[in-house]
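In what follows, a single structure is set out as structure tokens and then discussed.
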Amino acid sequence: MQQWTRVRTVLSLQRGASADAVRTIRLNYVQADGSFETRTTEASIPGEEDATASSSDLAMCLTGTEGLRIAERWLAEARIAMDSVSFTLPPSAASVNVGDVVELTYGECRANFRIDRVEIGEARRVEAVRVEPDLFRPPKDLEDVVSLPKPAVAMPVFSRLLDLPLITGEEDPVAPYLAVSAQPWPGSVAVYSSAEDDGYSLNTVVQDRSVFGMTQTPLLAASCGLLDRGAQLRVKVQNGVLASATRTALLNGANSLAIGNGANSDWEILQFQEAELVAVDTYVLSGLLRGQLGTDAVMPSVWPEGSLVVLLDGAPAQIELASSIRGLERHYRVGPADRGYSDPSFQHFIHTANGTGLRPYLPVHLKAVLDTAGNTLISWIRRSRIDGDSWEGLDIPLGEESERYLVQVLEADGAVIREEETNQPSWFYSAELKSADAAFEIAAVQVAQMSERYGVGPFQRIEIHE
């Protein structure tokens, strides 16, 4: 226990060299009112901030104000302790011991000194340093409010696998595209795949976030390959913007959208020339090109309100899928790339890739010509899924190993009466064949191109009347 004693004696005063004075003190401590990180606080004599600093580490949890006050007190103590005093006391002053604080008066000055050393002999020689009791009074500071960092919680990633046709001709025709989005965006998204819901391996890492949207108006079917100047589609998008394009850019593939119901593999690709912002994140699209890249075969009579759209701006990326796995169920887990696939933020789903990039296009300009002998010539024009837009060659590339078509004669209820194959874009439905089919009510003929790898493509139908 410190004692305060009034003493009268002969004093010998000393002051430490200015060069030895402490000018800056840095204190390292553990932050008590935050996330228990190591913090550093500093106290300096004004105008002497560039002086050499004395640093101390405290293995204590302190608030920011407590750390600063300790550093300031230590600095003040070090400056005050430059003044020291020595004096001699008689043996009768035995009550004065090391640790006691005595009040000394010298001239007009009065100060407090803490006794650090006592030599006991015929007299008691005392050495003491100056102290100020006010330094130890608790300050009335307001504590700084420290907000704890919010825990980093990974949010689920919204993802869709899209079975799309060949866009440039250089893609893998079997592998589907993965479009992903999340708020906040985790930076990259990992895709794990497996034959069952176990034993996953990393398939692909997607770096770019896709632009998703939801239609707010229905979209009726329309002719493909023709610019639809009347139809409009209202779309609300997330995490992106839509913009208009010039006619040249449009004809070179700009502003492509995949539209579907998100539940199956049928996606129509359409393009839009004009995008008008009508509300927050809401656009009216016009100048539409429908059924692009052979997707007119899957165009329904109407895409209802609430259909899903994905902007094909290069963000959706193809995953890895062997050709031998086409048509088989695969399990997928999609989530932030910095977490494992067992994390709750990962979404699990099952998808069967059908290899849309191998699917032949729908035959067009299907005609049925009846001659005077009762024979019907069915003819059509084939299309190609590879380099079909070039005008340089004599004909478009076949895109298949051989040219084959499947022709079916149908009843009114859709039942198949007759089925034949041909290797040219026409088929002769002779009067003799019609006579053999007379027991049925012939209503239509449909034609599909065949592929060695894909099988039978989509059918184009024409009604026939005798």
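Is it true that some residue in segment 128-137 is within 59 Å of the chain's Cα centre (by Cα) and over 29 Å from Ser12 (Cβ atoms)? So far as segment 128-137 goes, yes, one or more of its residues are within 59 Å of the chain's Cα centre (by Cα) and over 29 Å from Ser12 (Cβ atoms).
Condition check ((1) out of contact with any Pro (no Cβ under 9 Å at 6 or more places or on another chain); (2) on the phi < 0 side of the Ramachandran plot; (3) among the basic types (Lys, Arg)) across all residues:
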| residue | (1), (2), (3) |
| --- | --- |
| Asn252 | yes, yes, no |
| Glu320 | yes, yes, no |
| Gly327 | yes, no, no |
| Asp343 | no, yes, no |
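Looking at segment 343-358, which of the residues that are in a strand (DSSP E or B) and of a type outside the set (Phe, Trp, Tyr) is least open to solvent (accessible area, probe 1.4 Å)? Break it down into steps so the answer makes sense when it comes.
Let us first name the residues in segment 343-358 that are in a strand (DSSP E or B), namely 347-352.
Retained after the next criterion (residues that are of a type outside the set (Phe, Trp, Tyr)): 347-348, 350-352.
On the way: Gln347: 75, His348: 75, Ile350: 86, His351: 27, Thr352: 58 Å².
My answer is His351.
When restricted to residues that are open to solvent by less than 20 Å² (accessible area, probe 1.4 Å), assigned to a loop (DSSP other than H, G, I, E, B) and farther than 30 Å from Tyr341 by Cβ, segment 204-244 contains 1. Is one or more of the residues making up segment 30-45 part of a helix (DSSP H, G or I), of a type outside the set (Ser, Thr, Tyr), open to solvent by 50 Å² or more (accessible area, probe 1.4 Å) and at pLDDT below 80? Within segment 30-45 (the criterion being part of a helix (DSSP H, G or I), of a type outside the set (Ser, Thr, Tyr), open to solvent by 50 Å² or more (accessible area, probe 1.4 Å) and at pLDDT below 80), the answer is no, since none of the residues qualifies.
For (1) of a type outside the set (Val, Ile, Thr); (2) modelled with pLDDT under 95; (3) open to solvent by 70 Å² or more (accessible area, probe 1.4 Å), each residue gets a yes or a no:
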| residue | (1), (2), (3) |
| --- | --- |
| Asp389 | yes, yes, yes |
| Leu394 | yes, yes, yes |
| Gly399 | yes, yes, no |
| Glu403 | yes, yes, no |
| Leu406 | yes, no, no |
| Leu410 | yes, yes, no |
| Ser430 | yes, yes, no |
| Leu433 | yes, yes, no |
| Asp437 | yes, yes, no |
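Take Ala322 and tell me if it is over 23 Å from the mean Cα position of the chain (by Cα) and of a type in the set (Gly, Ala, Ser). When the stated conditions are applied, Ala322 passes them.
Select from segment 74-123 the residues that are assigned to a loop (DSSP other than H, G, I, E, B) and touching a Pro at 6+ places or on another chain (Cβ under 8 Å) and write down the one among them that is modelled with the lowest pLDDT. Within segment 74-123, the match that is modelled with the lowest pLDDT is Glu122. Taken over segment 260-304, the residue count meeting the criterion of being more than 26 Å from Thr248 (Cβ to Cβ) and among the acidic types (Asp, Glu) is 2.
Somewhere in segment 359-376, is a residue without any contact (Cβ under 8 Å) to a residue 12 or more places away in the chain, part of a loop (DSSP other than H, G, I, E, B), over 40 Å from the mean Cα position of the chain (by Cα) and over 23 Å from Leu270 (Cα atoms)? Full working, then the answer.
First pass over segment 359-376, keeping only residues without any contact (Cβ under 8 Å) to a residue 12 or more places away in the chain: 369, 371-372.
Subset that is part of a loop (DSSP other than H, G, I, E, B): 371-372.
Checking which are over 40 Å from the mean Cα position of the chain (by Cα) leaves us with 371-372.
From the residues that got through so far, the ones that are over 23 Å from Leu270 (Cα atoms) too are 371-372.
So far as segment 359-376 goes, yes, one or more of its residues are without any contact (Cβ under 8 Å) to a residue 12 or more places away in the chain, part of a loop (DSSP other than H, G, I, E, B), over 40 Å from the mean Cα position of the chain (by Cα) and over 23 Å from Leu270 (Cα atoms).
Selection over segment 314-360 of residues that are out of contact with any Gly (no Cβ under 8 Å at 6 or more places or on another chain) and closer than 22 Å to Pro173 by Cβ gives a count of 20.
Pick from Ser286, Ser265: which is among the hydroxyl-bearing types (Ser, Thr, Tyr), assigned to a strand (DSSP E or B) and surrounded by 15 or more Cβ atoms within 10 Å (Cβ to Cβ)?
Working: Ser265 fails: assigned to a strand (DSSP E or B).
Just one listed residue meets the conditions, Ser286.
Picking from residues in segment 323-342 that are part of a loop (DSSP other than H, G, I, E, B) and without any contact (Cβ under 8 Å) to a residue 24 or more places away in the chain, the one that is surrounded by the fewest Cβ atoms within 10 Å (Cβ to Cβ) is Ser342.
Could we say that Phe428 is part of a strand (DSSP E or B) and over 25 Å from Asp296 (Cα atoms) here? Answer is yes for this residue. Among (1) more than 25 Å from Val298 (Cα to Cα); (2) open to solvent by 40 Å² or more (accessible area, probe 1.4 Å), there is one condition Asn375 misses while meeting the rest; what is its number? Unmet for Asn375, out of (1) more than 25 Å from Val298 (Cα to Cα); (2) open to solvent by 40 Å² or more (accessible area, probe 1.4 Å): (2).
Does any residue of segment 389-412 turn out to be out of contact with any strand residue (DSSP E or B) (no Cβ under 7 Å at 6 or more places or on another chain), under 22 Å from Lys367 (Cβ atoms), among the small types (Gly, Ala, Ser) and assigned to a loop (DSSP other than H, G, I, E, B)? Steps first, answer last, please.
Taking segment 389-412 first, the residues out of contact with any strand residue (DSSP E or B) (no Cβ under 7 Å at 6 or more places or on another chain) are 389-399, 401-403.
From what is left, the residues that are under 22 Å from Lys367 (Cβ atoms) are 395-396, 398, 403.
Filter once more, so that each one left must be among the small types (Gly, Ala, Ser): none.
No, segment 389-412 contains no residue that is out of contact with any strand residue (DSSP E or B) (no Cβ under 7 Å at 6 or more places or on another chain), under 22 Å from Lys367 (Cβ atoms), among the small types (Gly, Ala, Ser) and assigned to a loop (DSSP other than H, G, I, E, B).
Kindly provide the set of residues from segment 300-322 that are of a type in the set (A, V, I, L, M) and either out of contact with any strand residue (DSSP E or B) (no Cβ under 9 Å at 6 or more places or on another chain) or exposed (fewer than 13 other Cβ atoms within 10 Å of the Cβ) (or both), ordered by number. Give the derivation first.
Looking only at segment 300-322, we keep the residues that are of a type in the set (A, V, I, L, M), and these are 302, 308-312, 315, 317, 319, 321-322.
Answer for segment 300-322, where residues must be of a type in the set (A, V, I, L, M) and either out of contact with any strand residue (DSSP E or B) (no Cβ under 9 Å at 6 or more places or on another chain) or exposed (fewer than 13 other Cβ atoms within 10 Å of the Cβ) (or both): Val302, Ala322.
The values are calculated or read from the model by the stated rules, or taken from the named source; none is laboratory data. This structure is a prediction, so every number in the text was calculated from the model and none was measured. We place every Cβ from the backbone using ideal geometry, glycine too, and count neighbours over all the protein chains shown. SASA here: full protein model, heavy atoms, side chains in, ligands and nucleic acids out. Shrake-Rupley method; radii C 1.70, N 1.55, O 1.52, S 1.80 Å.
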